[in-house]
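Structure, as C-alpha cells:
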Amino acid sequence: MFENIIGHKQTVELLKEQVARNRLPGSILIEGPRYAGKLTLALELARSLTCTGDRSWNCQCPSCRSQKLLVHPDTLLLGSDNFMEEISVAYQLLADNDQIYTRYLFIRSVRKLLRRFDPVFYDEKETKFKKVQPLLAYLEEALSSINPEDLSTPLKDKLLSGIVESAGDLSKELNQSTIPVNQIRKVTFWAHTSTTESRKVVIMENAEKMNDSARNSMLKILEEPPADCFFIFLSSRTGEIIPTIRSRLRSYPLKERTAEDDSKVLSLIFRENSGSFSSISDYFDSFDPDVESLSDLSSQFLSFYMSGTAEAKDQLKEQFRDIKGDSVKVFMEKLLEQAGKALPGASSESVRKLDSLCRKLNRIWFDFESLNMNPQLLFEYLLYDEGDRI
C-alpha cells in the first residue's frame, strides 16, 4: 500500500494506518503545491479503499486491476487540470521506450481526461455529450487496444499520435474555469445510489473552483455523507475553499518535495538520470518550448516589481500583450513559484511586497478563470502599486 508514493513520509504513514484500521474520515483535503503528487496519492488511496486483496501495489484483485487502468466504476474524477501536459510527456516516454511502466503512464494520463466525461456527469441527450461522443468512443477503443503488460506486439506511432491528437480536441471541450453545480448534484445522486458492494470514491481536483451554487450543493452532501463513500478534495490554493466546506474536511498536507525526492521521482518514474533537471517542474517545462521565455518574463517582472523603473514598466506592458491561451496560466504559475522562492531571507519590506503580489495573483487568477476577464488588462494591474491610479 502506497509503495508508488515517493516522499511525504509522515502523511503517507498516517493515511496507511487510518486505511488499515478503517478510520479514514469520509471527507478529506489533500493540499500541496504543483507537482507534489496530490492526484497520485488520491488515486492510490482510492485503490487501497476499494481493494479486495492485500492492498499491495502488485495486488491482482479485479478492483486493483481496474483502478490501475483508471476504469473502476466506483471511483469518479472531476475538476480541471493541465491534462495535455502530462499526456504529451507520457507519449514521448512511451515513444522512446516501450515498456510496461510507460504504457501504464500513457494510458493513465489519457484516462484522467476521459474520466471527466464519465456518463455519471452527463445525460446522453445533452448537446455537449453528443458533441464529444465520437472522440470518447475513439479514445476508449484505441486505449483498449493497448495491453500494458503484453510487449510482444509493438505499438504503432500512428495509434499513439492519434490518441494524443484526439485527447487534445477533447480537452478543449472541458470546462476549466469552474466545477458546475449540475455535476455536484449528479455526484450526490450517484453517491446515494447503492449499485455495488464496493466503497465509492469521489476525487475532486482544484476543488477551490466551485461556484456558489456548486459549493452550496457540496455542503449538503458533506453535512449528510452517504455510508462507504469517500470524498477526496485536492487543491494547491486552499485559501479559496470557503470555510464552511474546509471545516468539514480533514486536511492532509503535502509539502514541496525535497531535491532528493524530486530526483527519485525523475529517476524511478520518468527514467531521467541525466542530472539536467533540478525539479519535476523543470522536467515537465522542458517539453514546452514557450515555458523558458515565460519563466524569463516572470523573472523580469519580479525584478521590476521589487525595484523597477517606469521604462521597464512600459516594456513589460508590451510583453504582456503576447501572453495568450494556455500561456496565461503558465506565466502566473512561474511568477508564483519565483515569488515563493524569493521569500526565504527576504527583508520585512520585501516580504510585504511579495505577499501583496501573491494576493494580486490569486485575485487575477480568479478573475481570469471565473469571470473570463481579459488577461492583458489583468496583468497590467500587476504593474501598479495599491495606491496608484491606472
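Values in this text are rule-based calculations from the coordinates and carry no lab data. None of the values given here were measured: they were computed from a predicted structure. Don't worry about glycine lacking a Cβ; one is built from the backbone with ideal geometry, like all the others, and counts go over all protein chains shown.
Could you pull out every residue, at least 5 positions away or on a different chain, whose amide H is within less than 5 Å of the one on residue 272? Hs are placed 1.01 Å off N in the peptide plane, and Pro or chain starts have none.
Hits under the 5 Å cutoff: 267.
What is the dipole size for the chain, taken about its Cα centre, with +1 at each Lys and Arg Cβ and -1 at each Asp and Glu Cβ, in debye to the nearest 20?
1260 debye
Which one, 204, 168, 152, is farthest towards the positive end of the dipole of region 150-215 when Lys and Arg carry +1 and Asp and Glu -1 on their Cβ?
Of the options given, the answer is 204.
With point charges of +1 on the Cβ of Lys and Arg and -1 on the Cβ of Asp and Glu, referenced to the Cα centre of region 56-120, which listed residue (66, 78, 107) lies farthest in the positive direction of the dipole?
Among 66, 78, 107, the one farthest towards the positive end of the dipole of region 56-120 is 66.
Put +1 on the Cβ of each Lys and Arg and -1 on the Cβ of each Asp and Glu in region 288-382; which of 316, 328, 302 then has its Cα farthest toward the positive end of the dipole?
The listed residue farthest towards the positive side: 302.
What ³J(HN,Hα) values, in whole Hz, does the Karplus curve 6.51 cos²θ - 1.76 cosθ + 1.60 give for region 274-286 when θ = phi - 60°, with x put for Gly and Pro?
In residue order, the calculated couplings are 6, x, 7, 10, 8, 7, 5, 4, 4, 5, 5, 4, 5 Hz.
Sequence gap at least 6, Cα distance under 8 Å: using those rules, report the relative contact order of the chain to the nearest whole percent.
Answer for the chain is 21 percent.
Which entries in the list 156/334; 131/158; 264/317 go over 29 Å, if you measure between the two C-alpha atoms of each?
Violating the 29 Å limit, Cα to Cα: 156/334; 264/317.
Using the Karplus curve 6.51 cos²θ - 1.76 cosθ + 1.60 with θ = phi - 60°, what ³J(HN,Hα) values do you get for each residue of region 59-75, in whole Hz, with x for Gly and Pro?
Working through the residues one at a time gives 4, 9, 5, x, 5, 5, 5, 6, 5, 5, 8, 6, 10, 5, x, 9, 10 Hz.
Here are some pairs, 68/209; 112/353; 9/220; which of them have Cα atoms lying more than 30 Å apart in this structure?
Among 68/209; 112/353; 9/220, the Cα-Cα distance tops 30 Å for 112/353; 9/220.
Charges at C-beta only: +1 for Lys and Arg, -1 for Asp and Glu. How large is the resulting dipole of region 35-82 about its Cα centre, in Debye rounded to 20?
Computed about the Cα centre, the dipole is about 80 debye.
Using a basic spin-label model with each label point 7 Å from the Cα along Cα→Cβ, how many nm lie between residue 358 and residue 211?
Distance between label points: 3.0 nm.
Compute a Gaussian network model of the chain, connecting alpha carbons closer than 10 Å, and tell me which residue from 362, 22, 97 fluctuates the most.
Between 362, 22, 97, it is 22 that shows the largest mean-square fluctuation.
If you plug each phi of region 332-345 into the Karplus form 6.51 cos²θ - 1.76 cosθ + 1.60 with θ = phi - 60°, what whole-Hz ³J(HN,Hα) values come out, in order, with x for Gly and Pro?
Rounded to whole hertz, the list is 5, 5, 5, 5, 4, 4, 6, 5, x, 5, 7, 5, x, x.
Which cross-chain or sequence-distant (5 or more) residues have an amide H under 5 Å from the amide H of residue 75, H modelled 1.01 Å from N in plane?
201
Sum up the charges of everything whose Cβ sits under 9 Å from the Cβ of residue 77, counting Lys and Arg as +1 and Asp and Glu as -1, but leave residue 77 out.
+2
Any idea what the relative contact order of region 254-327 is, in percent, if you count C-alpha pairs under 8 Å spaced at least 6 apart?
20 percent
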